[in-house]
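Visitor: One structure follows; several queries about it will come next.
The values are calculated or read from the model by the stated rules, or taken from the named source; none is laboratory data. Since the model is a prediction, treat every value here as computed from it, not as a measurement. Cβ coordinates were reconstructed from backbone atoms using ideal geometry, including for glycine residues, and neighbour counts include every protein chain displayed. Side chains are part of the model used for accessible areas, which takes the heavy atoms of the whole protein and leaves out ligands, DNA and RNA. Shrake-Rupley method; radii C 1.70, N 1.55, O 1.52, S 1.80 Å.
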Amino acid sequence: MISVENLKVEFGVKPLFAEASFVINDRDRIALVGKNGAGKSTLLKILCGLEHPTSGTVATAQDTTIGYLPQVMNLQDSTTVREEAQKAFADTAQLKDRVERLQRQMSERTDYESEEYMALVERYTNEHERLLMAGAESQEAELERTLMGLGFLRTDFERPTREFSGGWRMRIELAKILLRRPDVLLLDEPTNHLDIESIQWLEQLLAQWSGAVVLVSHDRAFINNVSNRTLEISCGRVIDYRVKYNEYVMLRKERREQQLRAYENQQKEIAEMKDFIERFRYKATKAVQVQQKVKQLEKIVPIEVDEVDNSAMHLKFPPCLRSGDYPVICDEVAKSYGEHNVFANVNLTIKRGEKVAFVGKNGEGKSTLVKCIMGEIPFDGTLKIGHNVQIGYFAQNQAQLLDESLTVRDTIDRVARGEIRLRINDILGAFMFGGEAADKKVLVLSGGERSRLAMIRLLLEPVNLLILDEPTNHLDMPSKDVLKEAIRAFDGTAIIVSHDREFLDGLVTKVFEFGGGRVREHLGGIYDWLQASSDKGSEGGVNGSERGVKGTNVMQSEKVKSPSLPFHSPITPPSLPKENAYAARKEQQKQLKKAEKAVEESEKKIARMEQRLKELDQLLSDPKNASDMMLVTEYTDTKRQMDEEVERWEKLSEDLEALQG
């Protein structure tokens with residue numbers, strides 16, 4: 001579909017990459033990876049023709065259509081959501097107009113036997129077949145499915161796009177690209193503005209895509225679930241790994257080890273040559289050998305080694321005071337904006353040391369509850385912050401609070417304490433501020449760079465309650481690993497609002513799900529919740545169209561151990577072993593619930609029998625009823641049945657204890 005030959009791109013003295021050659025084939029799902037600044041976004045722009053390489057060729061097969069989603073784009077605000085999405089069908093609309101025009105011409109003519117009429121019929125037939133092949137009849141249904149898959153409600157379709165945030169308008173642009181169904185999809189960070197449910201929906205759509213997909217993403221779970229091939233930009237070259245992302249990570253590790261061995265051997269060889277040259281430089285008897293060594297040294301091509309992955313660096317939060325046992329307690333907390341109820345009757349308790357996740361669709365109130373906890377906005381109900389709680393808060397707009405007159409290094413130097421000050425350069429490097437970038441003024445930093453800098457500041461402050469609102473949006477994978485490890489080792493409590501499944505996996509032990517005006521508590525990690533939600537969705541329940549982007553019904557908050565809201569599509573766990581573990585855990589939970597229910601029912605039965613025996617005792621103690629054989633028989637039967645039920649209860653209790661053990 002697209003053939004790339006000897007591509008070279010230069011923006012300065014050193015090229016981004018050179019001698020890049022590869023072919024994008026039908027059904028390829030390519031993850032384009034590399035460190036920030038390696039040229040991933042540039043390569044996507046070259047593939048779609050928006051930029052031109054320094055040298056080399058990009059050949060696209062005839063009639064191949066390309067859809068490109070950049071990280072930033074100019075958005076239109078003069079239409080409704082539906083009207084904007086319908087622009088994807090502009091070509092089909094023109095084709096439909098031509099068919100209708102030909103149909104009118106045919107109806108107005110009577111020269112049915114003429115050659116002109118037969119030519120008109122043939123033209124109409126061809127255009128009509130093209131229209132049918134374009135799927136014009138099902139386009140409206142496809143439009144609605146796509147918009148709802150990306151998180152929109154039916155009630156949103158007729159709303160002006162200007163009422164939506166930039167993130168939601170980016171979803172409209174993504175919907176338009178998907179609806180055009182191009183032969184090649186080029187997606188640059190498509191998950192940045194999507195919630196978990198929409199990411200999963202997009203994953204399944206891309207897995208079934210009939211053309212090719214090339215995507216750049218820092219969401220490890222997303223690219224692994226979608227990709228079947230990986231292109232890495234490293235050391236100025238493009239290396240093709242014909243495996244999915246997780247397998248690429250292992251192969252890259254092996255390749256880097258080989259590079260290191262080759263580099264060390266080469267350095268040893270160079271050192272020996274230089275030593276020989278220096279030792280015998282002025283000896284006439286060795287002049288020929290010295291000249292040979294000099295020529296050999298000049299011909300050596302230095303072996304380049306991929307940059308060391310800074311994610312191996314360990315970073316810990318500084319010591320802090322011990323907080324009370326319950327840093328956050330919500331009792332009947334509610335928040336509304338006019339007639340719009342964000343959530344109501346929220347009852348939750350977060351214990352000291354817990355790491356919890358706030359998840360749910362965008363607009364369901366995750367950030368709103370965080371602002372309530374921070375005391376930034378008024379609310380109804382009672383919200384208690386525990387004793388000695390020191391909050392470290394990373395908001396999505398945190399970057400705007402930085403001092404623009406300081407450099408990156410000075411910003412960190414002012415909050416660093418103790419021996420951590422000796423490692424400032426390492427920390428800055430781990431978050432992509434290595435070398436000259438550390439001396440940049442905050443004033444000239446991009447939004448993403450400011451967010452990363454604000455995150456580093458937070459990591460160095462002594463706090464015991466971390467509240468992080470979308471902390472991974474502007475971090476690459478190594479930086480996310482550094483942050484994840486630091487939070488995992490953190491002694492305090494953490495509340496994390498995030499849609500990054502891989503980041504939350506192994507980090508949180510409890511999930512609070514926001515949706516439909518409710519907040520539900522789920523025990524277990526993020527994949528436990530996702531698997532349970534998928535299972536629940538396959539059993540039926542609330543339909544996707546009823547689960548809005550913005551909750552409009554006030555509903556009672558519940559604490560339940562298993563989720564009740566489905567997803568548009570089943571979850572695809574990152575690997576088979578994890579999937580098997582989920583299935584085993586799910587089966588165990590089913591057996592446990594069944595055993596608990598059986599014990600509970602048996603106890604209720606015994607309680608009813610005990611109550612009846614007491615009533616019969618009172619009746620039989622009355623002399624009038626002493627000879628009533630019906631009462632005596634009922635007493636005897638009830639006593640026998642209760643004894644049998646007690647034996648059954650003992651066995652059920654033993655089975656339950658075995659399952660719990």
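Visitor: Just give me the residues in the stretch 41-65 being open to solvent by 60 Å² or more (accessible area, probe 1.4 Å), assigned to a loop (DSSP other than H, G, I, E, B) and closer than 12 Å to L7 by Cα, in sequence order.
Guide: Of everything in the stretch 41-65, those that are open to solvent by 60 Å² or more (accessible area, probe 1.4 Å), assigned to a loop (DSSP other than H, G, I, E, B) and closer than 12 Å to L7 by Cα turn out to be H52, T54.
Visitor: Among the residues in the stretch 226-235, are any open to solvent by less than 20 Å² (accessible area, probe 1.4 Å), at pLDDT 90 or above and part of a helix (DSSP H, G or I)?
Guide: yes
Visitor: While we're on this one: Looking at this structure, is E247 part of a helix (DSSP H, G or I), without any contact (Cβ under 8 Å) to a residue 60 or more places away in the chain, charged (D, E, K, R) and over 27 Å from S3 (Cα atoms)?
Guide: So E247 does not fit the description; no.
Visitor: Can I ask one more? I need the full set of residues from the stretch 475-503 which are among the aliphatic types (A, V, I, L, M) and under 16 Å from I350 (Cβ atoms), in order please.
Guide: Matches in the stretch 475-503: I487, A494, I495, I496, V497.
Visitor: Is there any pair linking a residue in the stretch 263-286 that is without any contact (Cβ under 8 Å) to a residue 40 or more places away in the chain to one that is in a helix (DSSP H, G or I) and open to solvent by 90 Å² or more (accessible area, probe 1.4 Å), with Cβ under 9 Å and at least six apart or on different chains, and which?
Guide: Sorted first by the residue in the stretch 263-286, then by its partner, the pairs are K286/R279.
Visitor: Go through the stretch 87-204 and tell me which helices (runs of 4 or more DSSP H), entirely inside it, have 2 or more residues that are open to solvent by 50 Å² or more (accessible area, probe 1.4 Å) and under 19 Å from N362 (Cβ atoms).
Guide: Helices (runs of 4 or more DSSP H) meeting the threshold: none at all.
Visitor: Which residue pairs have Cβ atoms closer than 9 Å, lie 6 or more positions apart in sequence or on different chains, and pair a first residue in the stretch 644-661 that is assigned to a helix (DSSP H, G or I) with a second residue that is surrounded by 15 or more Cβ atoms within 10 Å (Cβ to Cβ) and among the hydroxyl-bearing types (S, T, Y)?
Guide: Pairs found: E645/S602; V646/S602; R648/S602; W649/S602; L652/S602; S653/S602.
Visitor: Looking at the stretch 66-84, which of its residues are open to solvent by less than 70 Å² (accessible area, probe 1.4 Å), modelled with pLDDT of 75 or more and outside any strand (DSSP E or B)?
Guide: Listed by number, the residues that qualify are P70, T79, V81, R82, E84.
Residue by residue, here is whether (1) touching a strand residue (DSSP E or B) at 6+ places or on another chain (Cβ under 8 Å); (2) in contact (Cβ under 8 Å) with a residue 24 or more places away in the chain holds:
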| residue | (1), (2) |
| --- | --- |
| D188 | yes, yes |
| L205 | no, yes |
| S217 | yes, yes |
| L231 | yes, yes |
| R237 | yes, yes |
| Q258 | no, no |
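Visitor: Collect the residues in the stretch 474-514 that are hydrophobic (A, V, I, L, M, F, W, C) and closer than 22 Å to R322 by Cα, keeping them in residue-number order.
Guide: L483, A486, I487, A489, F490, A494, I495, I496, L507, V508 - these are the residues of the stretch 474-514 that are hydrophobic (A, V, I, L, M, F, W, C) and closer than 22 Å to R322 by Cα.
Visitor: One residue is enough: does the stretch 560-579 have a residue meeting the conditions modelled with pLDDT of 90 or more, under 22 Å from the mean Cα position of the chain (by Cα) and part of a loop (DSSP other than H, G, I, E, B)?
Guide: No, the stretch 560-579 contains no residue that is modelled with pLDDT of 90 or more, under 22 Å from the mean Cα position of the chain (by Cα) and part of a loop (DSSP other than H, G, I, E, B).
Visitor: What number goes with the only condition from (1) part of a loop (DSSP other than H, G, I, E, B); (2) at pLDDT below 85; (3) of a type in the set (D, E, K, R) that K286 does not pass?
Guide: Condition not satisfied by K286: (1).
Visitor: Something else now. Can you tell me which of L153, L206 is in contact with a Gly (Cβ under 9 Å, 6 or more places away or on another chain) and aliphatic (A, V, I, L, M)?
Guide: Going through L153, L206 in turn, just one is in contact with a Gly (Cβ under 9 Å, 6 or more places away or on another chain) and aliphatic (A, V, I, L, M): L153.
Visitor: Also, quick follow-up: Among the numbered criteria (1) touching a helix residue (DSSP H, G or I) at 6+ places or on another chain (Cβ under 7 Å); (2) within 24 Å of V249 (Cβ to Cβ), which one does E84 miss?
Guide: (2)
Visitor: Next up: Going through the stretch 184-210 one residue at a time, which ones are modelled with pLDDT of 90 or more and over 18 Å from the mean Cα position of the chain (by Cα)?
Guide: The answer is V184, L185, L186.
Visitor: What are the residue pairs meeting all of these: first residue in the stretch 85-102, first residue modelled with pLDDT of 75 or more, second residue in a helix (DSSP H, G or I) and open to solvent by 80 Å² or more (accessible area, probe 1.4 Å), Cβ atoms under 7 Å, and 6 or more apart or on different chains?
Guide: A88/R180; L102/R123
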